Amino acid sequence: MSHLSSFTAFIRLGRPLFLAGGLLLHGLGIAMALYDGASLNIAALIWGQVAITSIQWMTHYGNEYFDLVADRANLTPTRWAGGSRVLVSGQLRPQAALAAALGLACIALMATMVLALWVRPGLWTVPLLFTGLLLSWGYSAPPLRLHSRGLGELALAVVVAGLTPLVGFYLQAGQLTWLPVLAVLPLCALQFAQSLAIELSDLEGDAAAGKRTLVVQLGRPVAARVMIMAMAMAYGLLPLLAWLGLPPLVVGAILLPLPVAAWQAWRLARGAYATPQQSDSIAFVAIGLLMGTTWLELMAFVIAWL
């Protein structure tokens with residue numbers, strides 16, 4: 001394999017397109033801080049994004065390494081599940097993924113230290129970022145292997161949809177208030193549903209490799225019902241969140257994709273997960289719901305700030 005082919009395979013191994021989610025969720029945290037009265041801190045924005053992207057990319061490479069057995073057992077990979085297939089196809093050695101994950105973890109720690117010592121010294125800088133790093137590494141890596149204990153989906157909801165915007169908010173505002181907590185709760189529920197959706201097509205391969213995700217433990221029919229409950233929670237919480245102080249414009253923005261969520265729930269209730277093609281479609285809609293709702297929230301906060 002040529003050097004160019006190896007480099008291209010290495011980049012594909014890290015699935016860089018999925019890094020857009022970290023940019024969007026970090027942007028949401030910044031928008032919330034600006035709405036709440038903070039001034040834009042460019043250094044905090046840059047170093048915060050370095051830390052967030054490094055943690056996220058570390059997770060991608062780490063999952064490729066630690067989940068190789070499960071990916072090999074997955075005979076029905078989709079665009080979202082089953083890994084990049086770079087290691088499965090033998091284009092690179094597994095050690096390349098592990099080395100990349102460890103290197104990115106070091107970059108994340110360096111960025112955290114820069115933020116904590118010079119850019120945003122404060123009570124929550126290290127706890128927020130280190131918790132995100134620890135849970136992200138422990139998602140697939142031993143000894144925690146959270147995804148094999150039925151805890152991976154919850155960990156992803158906390159880290160991706162919860163901690164990422166909170167980090168963006170705190171690094172700009174220098175404090176945590178209830179506003180970002182209220183705003184991320186629907187996103188956490190949608191992230192939880194998305195994780196289950198992506199795991200639907202992985203069930204057989206995960207089970208064969210001993211990767212006991214929540215979908216493996218529950219089975220597809222029960223997991224589908226849990227997904228419906230998670231989506232219902234995302235929207236059912238809105239009256240309470242509005243009463244607690246979430247801006248009406250933001251509540252309205254979150255409600256906009258409700259018809260899509262209702263359609264997704266209807267499909268799940270009717271068993272639209274029986275084939276890999278259907279599972280792929282369910283995962284695509286779940287990802288779209290999370291990213292679309294995040295974008296709408298971000299725009300609502302920007303409009304309210306302006």
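The set of residues in the stretch 141-189 that are at pLDDT 95 or above and among the polar types (S, T, N, Q) comprises Thr164, Gln172, Gln175, Thr177.
Among the residues of the stretch 43-86, the ones that are under 14 Å from Ala141 (Cβ atoms) and small (Gly, Ala, Ser) come to 2 in all.
For the stretch 141-154, filtered to residues that are buried (at least 20 other Cβ atoms within 10 Å of the Cβ) and under 14 Å from the mean Cα position of the chain (by Cα), the residue that is farthest from Cys106 (Cα to Cα) is Glu153.
When we screen Gly138, Gly162 for residues that are farther than 24 Å from Ala99 by Cβ and not basic (Lys, Arg), the only hit is Gly162. For the stretch 262-284, residues that are β-branched (Val, Ile, Thr) and open to solvent by less than 20 Å² (accessible area, probe 1.4 Å) total 1.
Among the residues of the stretch 235-273, those that are out of contact with any Ser or Thr (no Cβ under 9 Å at 6 or more places or on another chain), in a loop (DSSP other than H, G, I, E, B) and touching a residue at least 24 places away in the same chain (Cβ under 8 Å) comprise Leu237, Gly245, Leu246, Pro247, Gly271. Within the stretch 66-94, the set of residues being without any contact (Cβ under 8 Å) to a residue 24 or more places away in the chain and either open to solvent by less than 40 Å² (accessible area, probe 1.4 Å) or of a type in the set (S, T, N, Q) (or both) comprises Gly83, Ser89. Looking across the stretch 105-115, the residues that are open to solvent by less than 20 Å² (accessible area, probe 1.4 Å) and not polar (S, T, N, Q) come down to Ala105, Ala108, Ala111, Leu115.
Taking each residue of the stretch 95-123 that is more than 20 Å from Leu40 (Cα to Cα) and looking for partners that are in a loop (DSSP other than H, G, I, E, B) and among the small types (Gly, Ala, Ser) with beta-carbon atoms closer than 9 Å, six or more apart or interchain, yields Ala97/Gly14; Ala100/Gly14; Ala101/Ala141; Leu104/Gly14.
The values are calculated or read from the model by the stated rules, or taken from the named source; none is laboratory data. Predicted model, so just to flag it, every value in this text is computed and none were measured. Note that each Cβ is placed from the backbone with ideal geometry, even for glycine, and that neighbours are counted across all protein chains shown. Accessible surface areas use protein heavy atoms only, side chains included; no ligands, DNA or RNA. Shrake-Rupley method; radii C 1.70, N 1.55, O 1.52, S 1.80 Å.
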